[in-house]
1. Quick one: which of K215/K252; K589/K685; K575/K694; K545/K705; K16/K37; K236/K336 span more than 28 angstrom between C-alpha atoms?
2. Between T207 and D655, with labels modelled 7 Å along Cα→Cβ, what's the label distance in nm to one decimal, could you check?
3. Could you rank the peptides 345-355, 718-728, 763-773, 381-391 by their average count of other C-beta atoms within 10 Å per residue, with the highest value first?
4. Mind listing the long-range amide H neighbours of R346? Cut-off is under 5 Å, sequence gap 5 or more, other chains count too, H placed in the peptide plane at 1.01 Å from N.
5. Quick one: net charge of K367's neighbours, Cβ under 13 Å, K/R +1, D/E -1?
6. Counting pairwise Cα distances across the range 339-404, what percent come out greater than 17 angstrom?
7. I'd like the chymotrypsin sites (Phe, Trp or Tyr not before Pro) in the range 683-747 restricted to DSSP loop residues with at most 14 other Cβ atoms within 10 Å, sorted by number.
8. Which shape class, rounded, prolate or oblate, goes with the range 526-571 when its Cα gyration tensor gives a ≥ b ≥ c as root eigenvalues, a/c under 1.5 marks rounded, and past that a/b bigger than b/c marks prolate?
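No value in this document is a laboratory result; all are computed from the given coordinates. Since we're looking at a predicted model, the values are computed, not measured. We place every Cβ from the backbone using ideal geometry, glycine too, and count neighbours over all the protein chains shown.
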Amino acid sequence: GLDPATIRGGETIVEKDEEGNVTASRVEFAAETSTAKVWMPAATFASFRDAIRGKGPAQKAQMEVCRVSKSGAFDAIAESYRAIADATFDGLLNPGATESAETAPLRAPPFGQYAASCVAKLCPKENPGGGEGPSEEPAPEGQTHWIATPTECGVTFEVTVSAPVLPPWRAPLPPKMAVRDLLPGRDPLDAHEADVRATEHFRAEVTKSAAVLSKEYAAMFTGEPKDADGKATRRKSLVFELNRSGKYHAMKERLKSAASAIIAERFHKGGEGVQGKYNELYVHLVQEMHAALKKLGQTEEEPEDPKDGVDHAKLARFKALADEYEIAGDQSCADKWHRERLVLTRRLPEIWADYGAFLARSERYGKSEEAYKEALMLDEGHVPSLTALCALMLHDEEYERAEVYGQAVTLKEGGDPVAWSLLAATYNAMERDEDATNCNYEARRLAAEVMSHVTSGSPASQPEKPPEAFVSTSLLLLDMHMPAEACAILEQSRTHAAFIRSLCLARAAMLEGMPQNAHAFLMDALSVDATDPRPFELLGDLHSKEGNFAEAEEAYTHAMACTGAANGRPPASLKLILGLGNALTETGKLADARATFEAGCEMCPCASTWLGGGIAMLRQGDLDAAEAALAEANIQDHTNARVWGYLCLVALLSDRAPEAEQAIGSAFRCGLADDEWPLLGEIGKLFLEHGRWKHAEGALRRSVKHGGGADVRYALGRALHEQGDAAAARDQMLAAVDQAAEAGDAETQRLTLESLRAVHSELGENEAAEAAKGRLKIMGVRTSPPPKNFRDC
């Protein structure tokens with residue numbers, strides 16, 4: 001709809017070789033003569049405005065470019081010099097803006113549409129006068145001569161409008177409610193702090209008891225025992241002397257009194273039930289005992305006496321444990337350590353905010369909202385909690401509440417681009433377009449200010465550039481497991497960084513359970529930058545989630561190769577180390593898994609890396625190394641139930657059944673997860689081999705309950721029968737036979753039927769015994785008369 005604008009004054013430059021042959025020619029324009037001004041009619045401006053605001057069909061303002069001969073002669077290859085420049089004119093979308101300048105690169109237009117183009121009248125391809133046009137070769141199909149230049153060709157457009165496309169910027173009107181109106185109508189939760197005096201008294205009694213034991217031992221023995229029998233003899237003698245002298249009873253009474261004070265303070269309220277409280281009490285007392293014994297032999301240090309009365313070192317340690325277990329996929333343990341932080345103190349808003357963020361990542365949004373509100377009860381201006389609550393309300397479609405929390409952040413000095421972008425999304429949902437546009441602009445402006453501060457220093461000292469405002473907000477929403485909201489926010493971004501967009505979209509697809517889409521987006525990211533470890537790591541996560549551990553191993557290996565100072569990247573993350581190590585373990589590459597976890601123990605020494613290494617060593621058959629690694633994991637966190645479970649397995653494989661019994665008891669008290677049923681099945685079978693029927697039954701029952709197969713149920717039947725409960729053993733074996741037949745496990749079916757035949761005979765169920773015998777014959781198993789004793793079968 002615009003009149004053509006002709007740029008005149010071009011000068012032809014011809015390049016020749018030594019023999020005078022033309023090698024190249026071009027037209028150059030001087031800066032002062034290469035401009036042209038046109039007026040835009042009102043009707044055309046309306047279409048132009050709709051296009052740049054994203055309401056028109058083109059979504060962009062397209063300008064056509066061609067060359068025109070000074071003499072007006074026809075041009076036989078005019079189509080080769082036709083190009084399109086796509087200009088967005090985003091500057092006019094800023095509130096109150098009346099000017100915009102943009103340089104748009106030239107691209108080839110769709111082939112075969114020249115006749116309908118805007119420049120066809122200026123450059124006719126026919127020859128009305130009969131003269132000769134320029135003697136040049138046409139450009140290949142679908143290309144243009146403009147792109148073949150040594151430097152990129154582009155056209156700079158400057159647009160000035162008499163009135164702004166959007167009205168001048170103004171802040172949104174304040175909401176009708178305030179933050180305090182949305183908080184619980186009560187005082188903050190009581191400062192339910194841990195009783196430091198009771199804990200310290202308990203630790204003192206443990207230290208005193210250890211001193212009594214060491215003094216008594218030194219008085220009775222000298223030197224080291226020669227062998228294990230010597231150690232056992234000394235232990236029995238020491239226990240006898242302590243009981244004879246009454247010192248054992250005195251120690252027990254003092255420890256009981258000290259523990260009672262902790263029980264009265266920490267466990268005075270109801271909750272999970274009696275057994276749950278017993279387990280929690282046991283774990284807590286063992287933890288305090290370890291802390292007291294750890295100080296023995298150490299030099300005396302000045303006790304920390306923080307002004308706020310909070311043990312910040314312990315808070316940091318518990319936070320590290322919570323993050324570690326969340327990365328390792330153990331949500332239960334992560335939740336436990338977050339709650340342990342709240343036991344230490346409830347007076348710090350950041351503790352509640354950390355817990356709220358974890359709950360959001362666990363998709364427990366209601367609990368997350370409560371935690372963030374507790375943080376605001378302590379500090380009404382706590383920015384992370386306000387921002388997170390704005391996101392949660394946006395997710396719940398509580399837009400008026402989201403506005404309250406978002407505006408509470410924007411009113412603070414300095415501004416927050418993320419809060420402004422969340423407000424923009426909120427007002428979009430409320431169909432308040434002007435407010436949405438203004439918030440969108442403010443988010444981009446503040447993000448640009450941050451970017452200018454980052455890039456103002458010397459290049460050597462510049463940190464990594466922060467992402468654009470809406471990308472940052474999208475990442476926040478993805479961290480809170482809100483993929484739909486993250487994608488909606490990302491659509492408002494003006495960034496052209498295809499890499500980070502593809503990563504965000506891949507994460508969103510993974511959260512929404514669309515692995516094929518996630519894979520496609522990750523491939524897009526890798527096509528942009530195949531040296532960044534992040535898409536490879538996400539690809540490994542995707543394959544691991546689907547159970548494709550061989551593909552996961554390959555992806556994690558590529559990610560590991562892209563990390564480290566040699567590649568200009570940070571070192572490998574704990575998540576990447578655990579992912580690669582677990583994938584190698586699942587694929588049976590135990591030596592590589594062991595090496596990966598050992599490297600992880602040097603880079604990130606924690607319970608999870610030591611546990612992974614211990615499991616790999618155990619599966620290799622290196623029991624001594626496995627026990628040493630698991631002991632290190634136990635030192636890092638002695639409440640880790642999986643560590644206790646594998647310590648039990650090592651003890652059983654080493655023929656140390658008494659130690660195994662203690663370890664499995666600790667595993668149960670620490671809350672061994674239901675999904676560890678394969679480990680429990682393995683432990684139960686080994687207890688059965690060692691004649692520990694009761695412990696075998698306990699482990700096997702839990703395994704059967706949560707997924708154990710026919711072999712586990714058969715072992716449970718054997719354990720029950722060994723304890724004299726033939727009827728219960730029969731029921732388990734009958735179920736095992738059916739389960740084995742359904743799974744096609746002929747060997748387990750044969751073993752179970754043989755044992756079942758003996759159990760039926762013992763119970764006097766002769767017909768059932770004959771039926772079992774008949775099934776064995778059908779399977780081709782030669783049978784003999786059933787044994788009189790089940791143990792003989």
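1. Result: K575/K694; K16/K37; K236/K336 exceed 28 Å.
2. So the two model labels end up 4.3 nm from each other.
3. So the peptides 345-355, 718-728, 763-773, 381-391, ranked by packing, come out 381-391, 345-355, 718-728, 763-773.
4. Amide H neighbours of R346, under 5 Å, 5+ apart: H192.
5. -1
6. Beyond 17 Å sits 35 percent of the P(r) for the range 339-404.
7. Sites meeting the loop and neighbour criteria: none at all.
8. prolate
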